[in-house]
C-alpha cells in the first residue's frame with residue numbers, strides 16, 4: 001500500500017540520488033541513526049530525494065548549492081512517530097490535533113470517525129480526504145456501532161460497507177458492542193467479516209476480558225486490543241495472535257505499570273506491541289503526544305530503542321505500510337526526528353515528507369485550514385422550549401429514587417434510595433453536599449432522564465454540557481436556577497460546557513462544532529480544559545478525568561448504568577430500569 005504516491009520523475013530521482021548521480025535535496029550529516037529493523041544506533045549519513053529517503057550509509061552524497069545540509073553530529077535520528085489509536089474529537093478536532101502532533105514529532109495518526117457520523121457520507125469523505133493534504137498522514141478506522149443504542153443510518157450493512165471500503169480507512173473498530181457479537185447481530189458480524197475480506201485490521205475493546213472471551217474475539221476477526229490493564233493481559237492477547245497496545249491515557253494511565261509488570265514477567269519485548277495515548281482529553285497533551293508516551297515508557301524502564309520501535313515500526317507493520325513509513329531506510333517517506341539525546345523523545349527538529357516541518361515545537365510550514373462552514377453538523381439546539389427549573393427537580397416515586405454512583409471516572413452503578421422531600425414531593429439533597437442531580441435532556445424527543453449523582457463533587461451548583469456520546473444535553477448540579485443558567489448559556493453558545501458557582505458563570509468553553517469540539521488551537525483548548533478540572537477539583541472531584549466522565553454518562557458500551565433518551569439502562573441486560581419523562 002502506498003501512503004503517498006510517487007511520480008515517475010520522483011522515482012527516477014530517488015534512484016539517481018542513491019547512486020550519487022544527482023545531488024540530494026537534503027543531507028542529514030553524521031547523526032546516530034536508529035535502525036529499527038536491527039535495533040541499533042549507527043553513525044550514518046541520511047540523504048533525501050524530495051519526499052523520500054534515497055540513501056542511508058557511510059558514503060557522502062552528491063551535493064550542490066541547493067542541497068539542504070543538516071549538521072547532526074552528536075544528535076540522534078529516529079523515524080516519525082505513529083499514533084495507532086487516536087480519538088480526534090475530545091474538544092479539539094482532527095486538524096488542530098494534526099498540527100499539535102506535527103509540532104511534537106508524531107507524523108501519522110490512525111483516528112476514530114465516530115463523531116463524524118452525524119454528517120452526510122459525502123461530507124465525511126470530504127473531511128477525510130482534505131486531511132490528506134496535511135503533512136501528518138491521517139488514516140482512520142470505521143466504527144461498527146454508535147455506542148448509543150439508537151438506530152443510525154451509517155450503521156447498516158450498506159453504511160458499514162461504504163465506510164470500511166474507504167481508501168483512507170485501514171481498520172474496523174474499535175469493537176465496543178460485544179453484546180452484539182454474542183447476540184450474532186447481522187450488522188456487527190457483517191462488519192467484522194467485511195473488514196477481514198478487505199484485508200483490513202480490526203481493533204477490539206476488551207477491558208478485563210478472560211482468555212475465553214479473547215479467544216472468541218480473535219476467532220471473530222479482532223487483530224489488536226489496547227485495553228490491557230495488567231502485564232498478564234498483554235500476554236493473553238499476544239498468545240492468541242493479537243497485537244497488544246500499551247496505553248497511557250487520561251482515563252487509563254496504565255503504561256508505567258504495564259512496563260514494570262512486563263519486566264517482572266522476564267519476557268522479551270514483542271514486535272507485536274504498540275504504544276498509544278488513546279485519545280486523551282486535552283490536559284494530558286500538555287506534556288506531548290507520542291513523544292510523552294515514549295518518555296513514560298523509558299522512565300518506567302523500557303529500553304529507549306524498544307520504545308521507539310513500538311511507536312514507529314511495529315504499528316507500520318501492523319497496518320501493512322512498513323514499506324512506506326516506520327523506519328529510516330531507502331525508499332521510505334522522509335518522516336524523521338532529530339533528538340538531542342537517546343532518551344529525549346521530544347524532537348528538536350521534525351522533518352515531514354522531506355521538509356523541515358517543525359523546530360523546537362514551532363511549525364515551519366503551512367498545514368491545512370478547514371472550511372467548517374461546508375459541514376452540516378446537526379444543530380445543537382432544536383428545542384422550541386425555554387429552559388425551566390422544573391426540569392431539574394426529581395419527584396420521589398415508589399418511595400425510592402435512582403442514584404448513579406461513580407466508583408471511578410468510567411464505572412457507574414445504580415442503586416435505589418429514599419430521600420427527604422419537600423411539600424410538593426420533590427426530593428431534597430440538602431442533607432448531603434456530595435450529592436447532585438444529573439439530568440440528561442433529549443432535545444429531539446423532548447424528554448428527560450433523571451437521577452441523583454454520587455461521587456462527582458461537593459456543593460456543585462450547576463454544570464451543563466453538550467459534550468456527550470449520545471447527543472443529549474447533560475446537566476449536573478444542586479441548584480435549579482444555577483442549572484437553568486448553565487444550560488441557557490450552553491444553548492446560547494450553540495454548544496459547549498458551562499460551570500456556574502455562586503450564581504455566576506465562572507468558566508465556559510464553546511464547542512460550536514456539533515456541540516462536541518472546537519475550531520480553537522490546541523493550546524487554547526488545553527488551557528480551558530485545565531481550568532475546568534482545577535475548578536472541579538476544588539469542588540472535591542476525585543476521579544481521573546471528569547471530561548471523559550461527562551462524555552461517558554450516556555455511553556452504553558460501558559458498565560453498568562447509563563443515561564439514555566429512553567431512560568436509565570442496565571448495560572448488562574440492555575433493559576430500561578427507570579424510564580425517561582416528558583419535559584412538560
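A Förster distance of 30 Å, applied to the separation of the beta-carbon atoms of residue 121 and residue 150, puts the FRET efficiency at 0.95.
Distance distribution P(r), the chain, all Cα-Cα pairs, bin width 20 angstrom from 0: 20, 51, 24, 4, 0 percent.
The Rg/Rh ratio for segment 237-371 is 0.98, where Rg is the radius of gyration of the alpha carbons and Rh is the Kirkwood radius.
Using C-alpha pairs under 8 Å with a sequence gap of at least 6, the mean separation divided by the residue count of segment 81-325 gives a relative contact order of 19 percent. Among 418, 270, 277, a tally of other beta-carbon atoms within 10 Å of each Cβ gives an order, fewest to most, of 418, 270, 277. By the helix-only formula, in which each DSSP H run with n ≥ 4 contributes -39500 (n - 2.57) and the sum is divided by residues, the chain has a 222 nm mean residue ellipticity of -7500 deg cm²/dmol.
Using only alpha carbons, segment 180-272 has a radius of gyration to Kirkwood radius ratio (Rg to Rh) of 1.01.
Which whole-number percent is the relative contact order of the chain (Cα, under 8 Å, 6+ apart)? Rounded, it is 14 percent for the chain.
Convex hull volume of the Cα atoms of segment 254-311, normalised per residue: 75 Å³. The tail of the calculated P(r) for segment 1-152 beyond 25 Å holds 46 percent of all Cα-Cα pairs.
Would you work out if segment 81-325 is rounded, prolate or oblate? Take a ≥ b ≥ c from the square roots of the eigenvalues of the alpha-carbon gyration tensor; rounded if a/c is under 1.5, else prolate when a/b is larger than b/c, oblate otherwise. Since a/c reaches 1.5 but b/c is at least a/b, the shape of segment 81-325 is classed as oblate. Note on segment 519-584: Kirkwood radius taken over Cα pairs, Stokes-Einstein applied at 4 °C and 1.567 mPa s, translational D equal to 91 µm² s⁻¹. Sorted on the mean count of surrounding Cβ atoms within 10 Å across their residues, most packed first, peptides 514-520, 564-570 read 514-520, 564-570. When the alpha carbon coordinates of segment 389-582 are projected onto the principal axes, the ranges are 49, 36, 31 Å, largest first.
Against the chain, whose longest principal axis is taken from its Cα atoms, helix 290-299 shows a tilt of about 90°. Label points 7 Å out from Cα along the Cβ direction at residue 502 and residue 15: separation in nm? The two pseudo-label positions are separated by 7.5 nm. Over segment 357-478, the reciprocal of the mean inverse Cα-Cα separation, the Kirkwood hydrodynamic radius, stands at 17.3 Å. Each of 340, 210, 280 was scored by other Cβ atoms within 10 Å of its Cβ. Listed from fewest to most, they are 210, 340, 280. The slack between residue 573 and residue 267, meaning 0.36 nm per residue of separation minus the straight C-alpha distance, is 106.2 nm. Modelled label positions at residue 4 and residue 161, each set 7 Å beyond Cα in the direction of Cβ, lie 3.5 nm from each other. If R0 equals 30 Å, the separation of the Cβ atoms of residue 343 and residue 232 corresponds to a calculated FRET efficiency of about 0.60. Roughly what % of DSSP beta bridges within the chain run antiparallel, to the nearest 5? That works out to approximately 70 percent antiparallel. Entry note, segment 171-239: relative contact order of 32 percent, from Cα contacts under 8 Å with a spacing of 6+ residues.
Remark: 262, 41 ranked as 41, 262, counting other beta-carbon atoms within 10 Å and listing the fewest first.
Would you mind checking the tilt of helix 255-265 against the longest principal axis of the Cα atoms of the chain, expressed as 0 to 90 degrees and rounded to 10? Approximately 70 degrees, to the nearest ten. If you plug the beta carbon distance of residue 428 and residue 381 into 1/(1 + (r/R0)^6) with R0 = 25 Å, you get a FRET efficiency near 0.25. Gain on full extension, evaluated as 0.36 nm per residue between residue 413 and residue 356 minus their Cα-Cα distance, stands at 15.4 nm.
Rounded to whole Å, the principal axis extents of the Cα atoms in segment 124-190 read 42, 20, 18, largest first.
Bear in mind that the values in this text are calculations on the coordinates, not laboratory data. Bear in mind the structure is a predicted one, so any value in this text is a computation, not a measurement. Because the Cβ atoms are built from the backbone with ideal geometry, glycine has one as well, and the counts that use them run over all protein chains shown.
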